Amino acid sequence: MYFALRPCRWPACSMQPAWQLSVQLAEKLEPGDDHVMALVRDLNARIGSGLIMRREWDERFLRIGASMVWEHQNAAAAVARLPVARAATRSELYRRLLRGRDLLLSSLDARVRLKEVAREACLSPYHFHRAFRQVFGETPHAFLLRQRLGRAASLLRRRDLSVTEVCLETGFESLPSFSTLFRRRFGVAPRDFRRAGSACTTMAHAAKIRKIE
């Protein structure tokens, strides 16, 4: 996948002074591309609410593209930090780490051990843990916990699951432990997070009705 950008005033566009930047991107977005997905979700929400104006399209797509380039360069810099001499070996190690990370992402609702993830990556637990932290900036456990809590937040916005069911659906075995970790991550308890999300949805719906009227 290739993406070409022209200069703009957004910070990510200042990475290169050239008039045109051409970068070969990965074939898929990685789970760590939080800023990219935040921009995409925001665009989707604007489209769904009917609030987006035609002149906004180019600017928003440009921001998404610039953010993809930024994330790509960050990933390349992370791989370059691996203490391996040959570039081909670093690339192979990165692919193995991604296989391990994919297993973590597929285990959000189940118990998974470090040795199992390391085996999937064809590395020893020690080397997998060390390399994972060097590339992704957090331990496998911290990554798994962050992903589980993020999924829990998404599930809490729905009304068809109780807090206990959300806890079990995201791999937590203890409701008190889940509540403590969730509050530490988001600043509020799961039930309060759900009530706040419901109130925001109601206000947004009311605003849309007023606009139609």
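Quick note: the coordinates plus some simple rules give every number you see, no bench work behind them. These numbers come from a predicted model, not from an experiment. When we count neighbours, we look across all protein chains shown, and the Cβ atoms used for this are built from the backbone with ideal geometry, even at glycine.
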Revision key, fill the gap. Listing GLU165, GLU71, GLU116 by rising number of other beta-carbon atoms within 10 angstrom, fewest first, gives GLU165, GLU116, GLU71
Exercise for review: Multiply the residue gap between LEU98 and ARG81 by 0.36 nm, knock off their C-alpha separation, and tell me the result in nm, one decimal place.
Suggested key: 4.5 nm
Review point. When a footprinting reagent is the concern and you count Cβ atoms within 10 Å, what order do MET37, MET68 take, fewest first?
Key: MET37, MET68
Check your understanding: What are the ³J(HN,Hα) values, in whole Hz, obtained from phi via the Karplus relation 6.51 cos²θ - 1.76 cosθ + 1.60 with θ = phi - 60°, for each residue of segment 79-93 in sequence order, with x given for Gly and Pro?
Key -> 5, 5, 7, 5, x, 10, 6, 7, 5, 5, 5, 5, 5, 5, 5
Revision key, fill the gap. For the pair VAL40 and SER179, the simple spin-label estimate (label points 7 Å beyond Cα toward Cβ) gives in nm 3.5
Check your understanding: Most exposed first by the Cβ proxy, i.e. fewest other Cβ within 10 Å, how do THR89, THR170 rank?
Key -> THR89, THR170
